[in-house]
Every structure is written in structure tokens, then in C-alpha cells.
């Protein structure tokens, strides 16, 4: 999946190829020009939930804009939606599972351990809306700028991860919230990387 900066670079390329101004693009996606300009000036993260509108405006598929592979639509995979996470237990242990949800996944994740978390609050808005179901690939670390599920004091949170020396910084997308610093005195465990989110589950 492309980063926010890569998505904007791709949108710029498409705009130039199709001779579409920022004003015209803003009109097509139903936004103010000033709001769209902030994306292209890299002063605001590009929110994933806006991708379908921008893709349609520039006549491409949403998966193409986000840099996703085609999804296998033949058979859904049942992904565990986690409730309370028991300290010390495996992340997908039965006592942690609230229910299973059907999810059509890209073939590249066929052999990976996946789980889902229910997003609550607005600390990751506008990147991830409140109420979304985040699909997580279990892995012990992530690259800088990627969104990860992190276990802190028995609770999982979704944040962008930044590595600063031996310190890990968990950064919200919403500037109204402060960074969370993980170190030897305030430990946390990266559970996995968010690969997508959905809004259509109960």
C-alpha cells in the first residue's frame, strides 16, 4: 500500500497527464480547493476514506491509487475480531476472540496470521474513522510511518509508529492528541501492521 506522500505524488502525475487543475479536481471530489491544496502541499495526510472519490475523479480504480493488489473475490477468509486481550496469551487465543468476520483478502496475505480490531475514538481521524474495523497482519515490527496495533497495559491501540534511537514514538493522525512514547520505563508491544480497514461490519 502506498504512503500518503506516494499517493499524492501519483495524483499529481495523473493530474498532469490529464491536464486537471487542483480547482477542477476539488470540484470533482466535492471539496474546497484549500482542503485539496493541503494534501498536495504535504501539510495534511491524505485520508484513505477519500481515495474512492479521488480515484473516480481521475478515472482510475481505488486499488490502483492506493497501490493495492487485486483482491481474491472467490472465497472470504474468516478473520478473528478481538475483544479484550489477555496479557501473556497469544494474540489470537480463543479467549481474546469476540467473533469471526468474513474478509476478502489479497493473495499476498494468504499465509499470514490476521486479526481485526474495532477502532474507537478519533485519535487517528481523518486517516481512520471512528467505528472502523482495522485488519491487522501479525508482525513484531513495522516501518516508520506505518500504522500498527500496539499493546499497552493490556489494551490495543492503533497509531503511526516512528523509531527514534531505542525509543518508539506512537503518533496519532489527529493533531489534538499527544504522542505516546515507548521505552524501558513505559513498554509496549507491536502486535502487527494495519493493512486495511472496513466500515460495513456490525
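The values are calculated or read from the model by the stated rules, or taken from the named source; none is laboratory data. Just so it is clear, the structure is predicted and the values come from calculations on it, not from any experiment. A quick note on method: Cβ atoms are made from the backbone with ideal geometry, for glycine too, and the neighbour counts reach across all protein chains shown.
Quick notes
- Those helices (runs of 4 or more DSSP H) of the stretch 26-73 in which 1 or more residues are at pLDDT 90 or above, closer than 23 Å to residue 122 by Cβ and over 18 Å from the mean Cα position of the chain (by Cα) occupy 33-40.
- Lone unmet requirement of (1) under 19 Å from the mean Cα position of the chain (by Cα); (2) outside the structural domain of residue 150 (by TED's automatic domain parsing); (3) modelled with pLDDT under 90 for residue 117: (2)
- Close pairs from the stretch 98-114: first in the same structural domain as residue 140 (by TED's automatic domain parsing) and within 15 Å of residue 80 (Cα to Cα), partner assigned to a strand (DSSP E or B) and modelled with pLDDT under 75, Cβ under 7 Å, at least 6 apart: 104/71; 105/71
- Summed over the stretch 119-128, the residues that are in contact with a helix residue (DSSP H, G or I) (Cβ under 8 Å, 6 or more places away or on another chain) and within 14 Å of residue 157 (Cα to Cα) give a count of 1.
- Residues in the stretch 8-34 that are without any contact (Cβ under 8 Å) to a residue 12 or more places away in the chain and in contact with a helix residue (DSSP H, G or I) (Cβ under 7 Å, 6 or more places away or on another chain): 23, 26, 32, 33.
- Filter result (farther than 18 Å from residue 112 by Cβ and touching a residue at least 60 places away in the same chain (Cβ under 8 Å)) within the stretch 157-194: 173
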